[in-house]
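Just below is one structure, and these are the notes that go with it.
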Amino acid sequence: MKKTITTACCILAAMTFLSGCSGKESKNQGNIALGMQAINEASYEAAAEYFNKSIEEGKELELAYRGLGMAYMNTGEYEAAKEAFILALQNGSFFVGDLEEDISCYLASAYYKLGDYDNAITTYTNVLEVSKKNDDIYFLRGVVRLEAGDLEAAIQDFDKAVSLDTKDYDRYINIYIALSQAGEEEKGKTYLEQSASLLSDKQAYEKGRILYYMEDYNGAVSILEELSEAGDNGATLYLGKSYEALGDMNYAASLYEKYLQTDESNGEVYNQLGLCKLNMGEYENALSCFQKGIATGQTEVMQELLFNEASAYEYISDFSTAKTKFSEYLAKYPNDENAKREYEFLKTR
């Protein structure tokens, strides 16, 4: 059975919404600090316990509810996260500052995950009324507007975002990914072309990445190969992706393994290596890669890793575990239609 991994737009949403805005943290070493440390270590249940202790003690309620909401977001409990962020704002300062803007960003992301696009857009708009030059917020609102089917408004937000920081090349790429996944690939390519026109010959890594997304894989290889040989892990990642796209799974896998020799903390690299192993028929090795990626706790790629882990169990014919994994996955990501189909299929096995 053909497996379909989660879309790049889902990865984009995780990356942008769970990174947060520019909030401040507690200066003490109490439950708030311990809770944030637990979040950084991907120990979300422990984090929730620390934040709840602070709430029970009536201490630092704005930060406590904020942290609790963050923990819930990472465990897929979006309704509970929404309520926590609302309580954080209710216990915040009368004057809106960086922390309140940060919490509002998280609240908007919770609305987005719940499919409540109107409230997500309204929340981002309220933030922009206070911080009108925040390119991140224009981008995020654009993503939500795109999901809501308002392409024209989304394009306006994307254009505003890039105009505020013309040298943020990640932004051009993420806009391309969002538009491409929404069926507007040609519009997305205009952003890649725009970014390419701004690059100098000295910006080899950025050029290589842009060429990869423009599907000029041979061009990307010609630029990234030398950077990878010089020890640039970012170049090695995109070089591997380029070779994957060219169909050379063996060499792509060797590049990901080279990357992991110096950095075992990147969940995306484990995911790419696992996908290579699946394509090479090494299903047990693929499963191990996905599980190592999950262990990194990297939020941005966690949804895809969890989906691929469940799929890998199907490949090794462990249908019982695969069904359990997809059930757990759907508890966190209930709107994933691909996962729903896999789960229904597995219930017949």
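The values are calculated or read from the model by the stated rules, or taken from the named source; none is laboratory data. Treat the numbers as computed from the prediction; the structure is a model and nothing was measured. Every residue, glycine among them, receives a Cβ derived from its backbone with ideal geometry; neighbour counts consider all protein chains shown. Heavy atoms of the whole protein, side chains included, go into the accessibility calculation; ligands, DNA and RNA do not. Shrake-Rupley method; radii C 1.70, N 1.55, O 1.52, S 1.80 Å.
Quick one, can you get me the convex hull of the C-alpha atoms of the chain expressed as volume per residue in Å³?
145
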**Message:** If every alpha-carbon in segment 40-154 counts as one equal scatterer, what log10 I(q)/I(0) does Debye give at q = 0.10, 0.17, 0.21 1/Å?
**Reply:** -0.30, -0.81, -1.11
**Asked** Considering only the other residues whose Cβ falls under 13 Å of the Cβ of Leu246, what net charge follows from Lys and Arg at +1 and Asp and Glu at -1?
**Response** -4
**Request:** Could you tell me which chymotrypsin sites (Phe, Trp or Tyr not before Pro) in segment 32-95 are loop residues by DSSP with no more than 10 other beta carbons within 10 angstrom of their beta carbon?
**Result:** Phe94, Phe95
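Taking all protein chains as present, what is the carbon and sulfur share of the accessible area of segment 92-171, in % to the nearest whole number, probe 1.4 Å?
Carbon-and-sulfur percentage of accessible area, whole number: 44.
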**Message:** Less than 18 Å apart at the alpha-carbon level, and either on another chain or at least 8 residues along: which aspartates and glutamates does that give for Lys189?
**Reply:** Glu152, Asp157, Asp159, Asp168, Asp170, Glu206, Glu215, Asp216
**Per residue accessible area of the chain, 1.4 Å probe, in Å²** = 47
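Would you work out the Kirkwood radius for segment 238-349? I mean one over the mean of 1/r across all pairs of different Cα atoms, in Å.
Final number for the Kirkwood radius of segment 238-349 is 14.2 Å.
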**Fill in**
Applying the gyration tensor rule to the Cα atoms of segment 185-246 (axes a ≥ b ≥ c; rounded if a/c under 1.5, else prolate if a/b exceeds b/c, else oblate), the class is oblate
**Prompt:** Over segment 113-198, what lengths in whole Å, largest first, do the semi-axes of the equivalent ellipsoid take, defined as the square roots of 5 times the eigenvalues of the alpha-carbon gyration tensor?
**Reply:** 21, 16, 8
**Fill in**
With T = 37 °C, eta = 0.692 mPa s and Kirkwood Rh from C-alpha pairs, the Stokes-Einstein D of segment 148-297 in µm²/s is about 200
**Residue with peak Gaussian network fluctuation, the chain [Cα springs, cutoff 10 Å], from Ser320, Ser228, Ser195** = Ser320
**Request:** Taking a cut-off of 21 Å between Cα atoms, list the lysines near Lys113, but don't count ones fewer than 8 places away on the same chain.
**Result:** Lys82, Lys325, Lys332, Lys340
**Message:** For Lys133, give me every one of the lysines with a C-alpha distance below 17 angstrom, ignoring sequence neighbours fewer than eight places off in its own chain.
**Reply:** Lys160, Lys167
**Prompt:** In segment 184-251, which trypsin sites (Lys or Arg not before Pro) are in a loop and have at most 11 other Cβ atoms within 10 Å, using DSSP for the loop call?
**Reply:** Lys202
**Asked** Rounded to a whole number of µm²/s, how large is the Stokes-Einstein D of segment 218-264 at 10 °C and 1.306 mPa s, given Rh as the Kirkwood radius over C-alpha pairs?
**Response** 156
**Request:** Go through segment 77-140 and name the trypsin sites (Lys or Arg not before Pro) that are in a DSSP coil and have 10 or fewer other Cβ atoms within 10 Å of their Cβ.
**Result:** Lys133
**Prompt:** Per the helix-only calculation at 222 nm, which mean residue ellipticity applies to the chain, given -39500 (n - 2.57) for every DSSP H run of n ≥ 4 and division by its residues, nearest 500 deg cm²/dmol?
**Reply:** -23500 deg cm²/dmol
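Would you work out what percent of the accessible area of segment 252-346, with all protein chains in place, is carbon or sulfur (probe 1.4 Å)?
44
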**Item:** Residue-count net charge about Ala204 - beta-carbon cut-off 13 Å; Lys, Arg +1, Asp, Glu -1
**Value:** -3
